[in-house]
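One structure is given below, encoded as structure tokens.
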Amino acid sequence: MIAPLSRFRSRLGFAAAALLLAALPLLAQLVVPGAPGPPQQNPSAAGEPSFSADLPGSTLWEDTGLDLQSGDTVAITAEGELLYADAKEPTGPDGYPRGWKDLIRLLPLNDAGRGALVARIGLSAADRPFLVGSSSQFPAPQAGRLYIGINQMSRDVGDGSYHVIVTILKRAARNSAPPLGGAHGGAPFSAVFCSVLEREHPDSGRWGPCSDYIEAPSSDRVPLGAIPRNYRVAIVSGVLSACGGNSTAYREGRAHLRDVHGISVDLIPAPNGSSTANGKTIAQYLKDNYRQDGRKFILLGYSKGAPDILEGVANEPEAAGAVAALITVAGAIGGSPIAELMPVQAQRWIQALSLGECKGDLYSAFRSLRRDVRRKFLTQHPDPGFPVYSISAVSSQSDTSKLLLEGWMLLSIYGQPEDSQLLESDTRFPGGHNLGAVYADHIAVAIPFEGSSDPTVKKLVNHNHFPRTALLEALLRYVTHDLALR
């Protein structure tokens, strides 16, 4: 049974555990945010609300008084300096460069420097902080109250202050319809997933309750009517899909949709190459097939397939016009802090799983997943021109396959939750539709290995039991229904 998320969010990577034990008494300092001061609200030049204030070095989280909706475009600028008692020089809002001492500091945002200006939307444990620095412009990834803060521990404060200005540049178009309305009565995605898993049983084998497989399962259930066929469906898989063997995403799910629901699912080829190079192939595929068929595509991008798709449509209006929606599953939207190590991991996987020849350039492929590369792309291309729906995978150390444990432990140094290759926060498309998270490691969420007769594969991919077919069908049901409401 998959461990609930609360059991593993606080687990840290084995490599950092010894250093962090000494800092555990400080954990409580981060639980309660600092008391918010009164926000100063002023109208911007465009007539939208804004926030302007001086944040003293003792600030943890400051309430801006701004309530955002998903997709609102926000700009934040900051200036000033903070000097910490043990630092030789002051820092600005970008924070100090990270060093080894940061491994024993329990910062709100582990992968940003001490003293950096950070923000979050909401104050619950599920609301992830993100880096702002001296200047940032972004679409709000979710609805909620905007808070800004300083990336530091409560007793480790700097002398000085930052002057911060927040402006809402553009309000997103409001959709009065619920995310999944009509006959489904506004049910969340988890209600659709649980309904498919329990009522249709599309995956072979025995399965536990829905709560074993998805975070925050709904108690609601929805009717399962016919799945519309007015869209084409296509999948772009991750790096291993260019290798031999059974390494393409959702093999059983594609067969189920074809045989039971009469829906064919295409596989768009994506060799081991950069997202830019793969994107050109994807764009040409979309244009050619849309001209012939006339139906728009619902695309599913698994892992690296997600940024490959986004790069393909970024500068190709005709290709973007052929897409009705994009679903990302454990998608490398924001990149990975361990991208530089992934080629070595992948070579081990290829040998261990006997995947045969992997054509292309693994190093170019994984360089595309560096965080700086992906974040620069998102800044330059914040709106693909169609809705994006994202589902994350998260796993505990004990529920991660042996093949992926090295990646899990390395990635845990940077934060939690994660799936051994990506932090959950990096799998969300900014301004997109967040469908939640499922309990699976990065391979189990999409690629079937549990049916292998190879004893080596069974030993190394030992946590691959996940209802992938139910997930694929539920995603298609949810998105087609949501599109019908637009």
Inset, instruction - Mind telling me which of the residues Asn151, Asn110 ends up being of a type in the set (S, T, N, Q) and at pLDDT 90 or above? - result: Asn151
Legend entry - Within segment 130-170, strands (runs of 3 or more DSSP E) holding 2 or more residues that are of a type in the set (A, V, I, L, M, F, W, C): 144-150, 159-170
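Out of the residues in segment 189-222 that are assigned to a loop (DSSP other than H, G, I, E, B), over 20 Å from the mean Cα position of the chain (by Cα) and among the small types (Gly, Ala, Ser), which is surrounded by the most Cβ atoms within 10 Å (Cβ to Cβ)? Steps first, please.
Here is the first cut: in segment 189-222, the ones assigned to a loop (DSSP other than H, G, I, E, B) are 201-209, 213, 215-222.
If we keep only those that are over 20 Å from the mean Cα position of the chain (by Cα) as well, we get 201-209, 218-222.
Still in the running and among the small types (Gly, Ala, Ser): 204-205, 208, 218-219.
Details: Ser204: 11, Gly205: 9, Gly208: 12, Ser218: 18, Ser219: 8.
Step by step, filter segment 189-222, then rank; the result is Ser218.
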Inset, instruction - Return a yes/no flag: does segment 417-424 have any residue that is surrounded by fewer than 18 Cβ atoms within 10 Å (Cβ to Cβ), in contact (Cβ under 8 Å) with a residue 12 or more places away in the chain and not acidic (Asp, Glu). - result: no
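Matching residues to (1) without any contact (Cβ under 8 Å) to a residue 40 or more places away in the chain; (2) in contact with a strand residue (DSSP E or B) (Cβ under 9 Å, 6 or more places away or on another chain); (3) part of a strand (DSSP E or B); (4) in the same structural domain as Ser368 (by TED's automatic domain parsing):
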{"position": "Leu224", "(1), (2), (3), (4)": "no, no, no, yes"}
{"position": "Pro228", "(1), (2), (3), (4)": "no, no, no, yes"}
{"position": "Ile235", "(1), (2), (3), (4)": "no, yes, yes, yes"}
{"position": "Leu257", "(1), (2), (3), (4)": "no, yes, no, yes"}
{"position": "Val260", "(1), (2), (3), (4)": "no, no, no, yes"}
{"position": "Ala270", "(1), (2), (3), (4)": "yes, yes, no, yes"}
{"position": "Thr281", "(1), (2), (3), (4)": "yes, no, no, yes"}
{"position": "Asn289", "(1), (2), (3), (4)": "no, yes, no, yes"}
{"position": "Ile309", "(1), (2), (3), (4)": "no, yes, no, yes"}
Inset, instruction - Please state which of the following conditions Gly436 fails to meet, knowing it meets all the rest: (1) in a loop (DSSP other than H, G, I, E, B); (2) at positive phi. - result: (1)
Legend entry - segment 413-425, residues that are out of contact with any Pro (no Cβ under 8 Å at 6 or more places or on another chain) and at pLDDT 90 or above: Pro417, Glu418, Asp419, Ser420, Gln421, Leu422
Inset, instruction - Kindly list the number of the only condition in (1) under 19 Å from Ile327 (Cα atoms); (2) in contact with a Lys or Arg (Cβ under 9 Å, 6 or more places away or on another chain); (3) modelled with pLDDT of 95 or more that fails for Ser195. - result: (1)
Inset, instruction - Give the residues of segment 441-486 that are of a type in the set (Gly, Ala, Ser), modelled with pLDDT of 95 or more and under 18 Å from Pro387 (Cα atoms), sorted by residue number. - result: Ala474
Inset, instruction - Determine whether Glu311 is touching a Leu at 6+ places or on another chain (Cβ under 9 Å) and either of a type in the set (Phe, Trp, Tyr) or more than 19 Å from Leu435 (Cα to Cα) (or both). - result: no
Inset, instruction - Can you work out which of the residues in segment 131-143 that are crowded, with 16+ Cβ neighbours inside 10 Å and under 13 Å from Val74 (Cα atoms) is modelled with the highest pLDDT? - result: Val132
Inset, instruction - Considering each of His442, His463 in turn, give the residue that is in the same structural domain as Val239 (by TED's automatic domain parsing), in a loop (DSSP other than H, G, I, E, B) and in contact with a helix residue (DSSP H, G or I) (Cβ under 6 Å, 6 or more places away or on another chain). - result: His463
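The values are calculated or read from the model by the stated rules, or taken from the named source; none is laboratory data. All values derive from a computational prediction rather than experimental measurement. Backbone-built Cβ (ideal geometry, glycine too); neighbour counts: all protein chains shown.
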